[in-house]
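Below is one structure, written out as structure tokens, with a few remarks after it.
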Amino acid sequence: MNREYEAAGESAAAVELEPCLEVRNLSLHYARTRQALNKIRLTIPRQRVTALIGPSGCGKTSLLRCFNRLNDLVDDCVVTGRIRLEGKNIYSSKIDVTELRRRVGMVFQKPNPFPKSIYENVAFGLRIRGINSRRRLDEIVQESLEAAALWDEVKDRLHGSALELSGGQQQRLVIARTLAVEPEVLLLDESASALDPISTLKIEELITGLKKNYTIVIVTHNLQQAARVSDYTAFMYMGNLVEFDTTARIFTNPVKRQTEDYITGRYG
């Protein structure tokens with residue numbers, strides 16, 4: 001193993017693929033006192049699923065929110081270091097944060113459809129971008145719902161309220177809404193944790209299918225889910241990246257004893 005990566009918790013094998021997001025010496029403090037992330041070094045491969053795992057409070061969601069700068073909305077949050085998306089530092093003063101959040105879409109733990117129709121939920125971001133052609137909107141709405149594996153379930157009630165959908169359908173609608181604006185990266189923060197097992201399975205199948213066209217980063221407490229859907233896994237503890245490698249290696253032959261202890265349930 002390359003010692004440069006070993007020291008940072010990141011294996012050389014995990015960065016051989018073409019990078020999408022590159023995190024270098026990233027630290028994050030809340031209120032200038034509580035450190036949530038400590039000099040994270042991590043490379044997220046393009047068009048793969050990367051899982052962030054670790055006990056509650058380890059920094060998984062804080063790191064995820066750095067990828068589209070949602071932490072900018074938190075008072076007294078200080079971020080140092082760099083994150084490069086396609087080679088450009090997203091924390092540069094020249095970055096258009098609104099455009100960044102289009103390119104790096106995020107889906108949260110609890111489904112958050114707008115109190116609008118199914119159609120208008122998906123079309124919302126398109127209208128903001130100035131797309132008003134009914135024909136074009138119809139095309140993108142259908143394509144996005146198909147990509148989210150929801151079209152067949154809702155095609156006959158597109159103008160009904162999104163709030164009448166089941167929890168799992170609502171989450172897939174939110175994913176369709178995110179896909180409609182053509183992101184490059186999808187961030188999923190415990191996106192299936194509030195769902196029933198059948199809906200969770202559909203979300204997992206959806207993730208597997210979407211990686212053909214998107215780079216996906218998920219935060220999950222469900223180790224079985226991480227093992228099922230991710231190609232790479234990062235184990236974090238108390239704001240530090242302990243180990244990052246292929247999911248197969250993390251779950252079967254981790255380098256760090258701390259990783260093994262977490263994977264085998266000795267703590268968590």
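The values are calculated or read from the model by the stated rules, or taken from the named source; none is laboratory data. Worth saying up front: this structure is predicted, and the values here are computed from it rather than measured. Don't worry about glycine lacking a Cβ; one is built from the backbone with ideal geometry, like all the others, and counts go over all protein chains shown. What goes into the accessible areas is simple: the full protein's heavy atoms, side chains included, and nothing from ligands, DNA or RNA. Shrake-Rupley method; radii C 1.70, N 1.55, O 1.52, S 1.80 Å.
So here's what we get for this one:
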{"read-out": "Residue in segment 189-201 that is crowded, with 20+ Cβ neighbours inside 10 Å, outside any loop (DSSP other than H, G, I, E, B) and hydrophobic (A, V, I, L, M, F, W, C) present", "value": "no"}
{"read-out": "Identity of the residue in segment 68-108, assigned to a loop (DSSP other than H, G, I, E, B) and under 17 Å from the mean Cα position of the chain (by Cα), that ends up surrounded by the most Cβ atoms within 10 Å (Cβ to Cβ)", "value": "Asn68"}
{"read-out": "Single condition Pro197 does not satisfy, out of (1) over 30 Å from Val255 (Cα atoms); (2) touching a residue at least 24 places away in the same chain (Cβ under 8 Å)", "value": "(2)"}
{"read-out": "Residues (in a loop (DSSP other than H, G, I, E, B), surrounded by fewer than 23 Cβ atoms within 10 Å (Cβ to Cβ) and modelled with pLDDT of 95 or more) located in segment 221-233", "value": "Asp231"}
{"read-out": "Residues of segment 144-164 satisfying the condition of being touching a residue at least 12 places away in the same chain (Cβ under 8 Å) and outside any loop (DSSP other than H, G, I, E, B)", "value": "Ser144, Leu145, Ala147, Glu153, Val154, Ser161, Ala162, Leu163"}
{"read-out": "Total residues in segment 249-268, condition open to solvent by less than 70 Å² (accessible area, probe 1.4 Å), without any contact (Cβ under 8 Å) to a residue 40 or more places away in the chain and over 23 Å from Ser27 (Cα atoms)", "value": "5"}
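For every residue, the table says whether it meets (1) within 22 Å of Thr208 (Cβ to Cβ); (2) modelled with pLDDT of 95 or more.
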site: Lys94; (1), (2): no, no
site: Pro111; (1), (2): yes, no
site: Ser117; (1), (2): no, yes
site: Ile128; (1), (2): no, no
site: Gln142; (1), (2): yes, yes
site: Trp151; (1), (2): yes, yes
site: Asp156; (1), (2): no, yes
site: Gln170; (1), (2): yes, yes
site: Val174; (1), (2): yes, yes
